[in-house]
Each structure stands twice: as structure tokens, then as C-alpha cells.
Amino acid sequence: MKKTITTKNAPSAVGAYSQAIAVNNMLFISGQLPINPGTGELCTGTIELQTRRSLENIKAILEKAGMSLNHVVKTTILLDRMADFTEVNEIYKSFFQENYPARSCFEVAALPMGAGIEIEAIAVKG
């Protein structure tokens, strides 16, 4: 049975999707743009600031589901510029410890709201 996970500590969905869906011991987190959940505004700073904001949003959703970043087994990163990969990777490493999640990273033509990054995650508890 699936359960919708929603928290005010992450931005509301900007389309027809849920912040996350829990199924049994798995959590599927929708792509998180660097949106400040308090203001609803896109973080338009450096790619480092945008990456941090997207990961903080993921962390908030995990916490609402009773999980942490340690439960993340897979992430997908979408970038509007692959040239930002090194900077994104440095911030990413500061959120995850050794035994990193599996990860894919793609450059895309554009992201919603003109964001520079979007990150989605899958987590497993147990």
C-alpha cells in the first residue's frame, strides 16, 4: 500500500505529483528543485547554494518519513550545465558519508523555473 509523504519543511509540488511516496520500506522522493520552502522562491545563487537547498529539501522529506540521508540508496541529479558537476559533487559529498548511494547525473536542456539543478532520491529503511 502506498502512502503520500508531505512536509512543510520542503517545497510544495509545482505540478501534479507528491513530494514523496512510501511503499513498504521504500521511499521515492520526487525531484527537488532548489526552492526555499519558507518563501516558495527559487534559490538563484551559485550552483553550490542550489545544490545545498535541493539536498536540504530531500533531507526534510526523509525526516518526515522517519528516515535519514543514510537510508538513501539511489539519487538522480539533473543539471542544466554539466560544467557544474565538480561543484555539485563537493556539496553532495558533504551530505553523504562513505558508502555513497548509487547515482546518475545528466545534463538537460532546461529545468522547471529556470533552476540549475534538480535531485531525486530513493531510500530504503531496514
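Here are some notes:
- Failed item, numbered, when Val88 is tested on (1) closer than 20 Å to Ala123 by Cα; (2) β-branched (Val, Ile, Thr); (3) surrounded by 15 or more Cβ atoms within 10 Å (Cβ to Cβ): (1)
- Region 36-50, residues that are out of contact with any Lys or Arg (no Cβ under 7 Å at 6 or more places or on another chain), surrounded by 16 or more Cβ atoms within 10 Å (Cβ to Cβ) and under 21 Å from Gly15 (Cα atoms): Leu42, Gln50
- Residues in region 29-55 that are in contact (Cβ under 8 Å) with a residue 24 or more places away in the chain and among the charged types (D, E, K, R) were compared, and the one that is nearest to Phe96 (Cα to Cα) is Arg52.
- Residues that are part of a strand (DSSP E or B) and either open to solvent by less than 70 Å² (accessible area, probe 1.4 Å) or of a type in the set (Gly, Ala, Ser) (or both), drawn from region 14-31: Ala20, Ile21, Ala22, Val23, Met26, Leu27, Ile29, Ser30, Gly31
- Condition check for Pro101: open to solvent by less than 70 Å² (accessible area, probe 1.4 Å), over 14 Å from Ala20 (Cβ atoms) and in contact with a strand residue (DSSP E or B) (Cβ under 7 Å, 6 or more places away or on another chain): yes
- Given (1) surrounded by fewer than 19 Cβ atoms within 10 Å (Cβ to Cβ); (2) touching a Ser or Thr at 6+ places or on another chain (Cβ under 7 Å); (3) closer than 16 Å to Gln50 by Cβ, index of the condition Ile119 fails: (1)
- Any hit, region 67-78, residues being basic (Lys, Arg), open to solvent by 30 Å² or more (accessible area, probe 1.4 Å), without any contact (Cβ under 8 Å) to a residue 40 or more places away in the chain and touching a Lys or Arg at 6+ places or on another chain (Cβ under 8 Å): no
The values are calculated or read from the model by the stated rules, or taken from the named source; none is laboratory data. These numbers come from a predicted model, not from an experiment. Using ideal geometry, Cβ is built from the backbone for each residue, glycine included, and neighbour counts are taken over all protein chains shown. The accessibility values were calculated without ligands, DNA or RNA, using every heavy atom of the protein model including side chains. Shrake-Rupley method; radii C 1.70, N 1.55, O 1.52, S 1.80 Å.
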